[in-house]
Amino acid sequence: AEHVFAVEPHDASRLLAMQRIAQLGLQNVSVLKGSAEYIPLRDQSVDICHARFAYFFAPECLPGLRELERVIRPGGTAFIIENDLAEGTFAEWLRQSPYYKQATVSEVAQFWREQGFRDQSIPSEWRFERREDLEKVVRLEFGDALAEKLLAIHEGLRVSYHYRLYSRSY
């Protein structure tokens, strides 16, 4: 890439990214304060956008998708990676969490199609060597109360965790 712009709303994460870029000696990377709803770049100035976990809770993410329309050049493409809400153990857990505010899985899929995105499921899994590590991660993701409920019925050291890749050319 001629230049890469990383957009991050979280101050501590943005500073860590800046430190890593400096350590690697990268000259063509900038880290900017922004969000899905506010990308501090000019209109039609982006060829490719890669976003990971930035467009949660369709259809509430619509302002962020409109911002993509603004910054991506004609012929450019957006790639968005989100949790797959339809497949995998993590999806089952996520649907039980208070963070899951969406309508049905099919309504979410319909929303993305209406916005012009193609999608595909990407199977993945968490693998742990120790049960204690798995439990720490599940508590971090879901909080103690729900984690206890989820862990009580989950055996083993693996969790199927699928991603959903949405893509659209403009």
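Looking only at the range 102-139, count how many residues are within 30 Å of Leu68 (Cα to Cα) and either open to solvent by 40 Å² or more (accessible area, probe 1.4 Å) or assigned to a loop (DSSP other than H, G, I, E, B) (or both).
19
Mind checking which pairs have a first residue in the range 95-116 that is in contact (Cβ under 8 Å) with a residue 40 or more places away in the chain and under 16 Å from Gly143 (Cβ atoms) and a second that is part of a helix (DSSP H, G or I) and open to solvent by 50 Å² or more (accessible area, probe 1.4 Å), Cβ under 9 Å, 6 or more apart or different chains?
Final answer for the pair search is Gln96/Lys149; Ser97/Glu141.
Would you tally the residues in the range 76-109 being farther than 18 Å from His154 by Cα and touching a His at 6+ places or on another chain (Cβ under 7 Å)?
2
Of (1) under 19 Å from Ser169 (Cα atoms); (2) among the polar types (S, T, N, Q); (3) in contact (Cβ under 8 Å) with a residue 60 or more places away in the chain, Gln44 satisfies all except one. Which?
Among (1) under 19 Å from Ser169 (Cα atoms); (2) among the polar types (S, T, N, Q); (3) in contact (Cβ under 8 Å) with a residue 60 or more places away in the chain, Gln44 violates only (3).
Tell me which residues, restricted to the range 121-170, are touching a strand residue (DSSP E or B) at 6+ places or on another chain (Cβ under 7 Å), among the small types (Gly, Ala, Ser) and closer than 16 Å to Gln96 by Cβ.
Ser160
Within the range 150-170, work out how many residues are touching a residue at least 40 places away in the same chain (Cβ under 8 Å) and assigned to a helix (DSSP H, G or I).
Matching residues across the range 150-170 total 1.
All but one of (1) modelled with pLDDT of 95 or more; (2) out of contact with any Ser or Thr (no Cβ under 6 Å at 6 or more places or on another chain); (3) open to solvent by less than 30 Å² (accessible area, probe 1.4 Å) hold for Val159; which doesn't?
Here Val159 clears every test but (2).
The values are calculated or read from the model by the stated rules, or taken from the named source; none is laboratory data. As the structure is a computational prediction, the values presented were derived from the model and not from experiment. No Cβ is skipped: glycine too gets one built from the backbone with ideal geometry, and neighbour counts run over all protein chains shown. All accessible areas refer to the heavy atoms of the entire protein, side chains included, with ligands and DNA or RNA removed. Shrake-Rupley method; radii C 1.70, N 1.55, O 1.52, S 1.80 Å.
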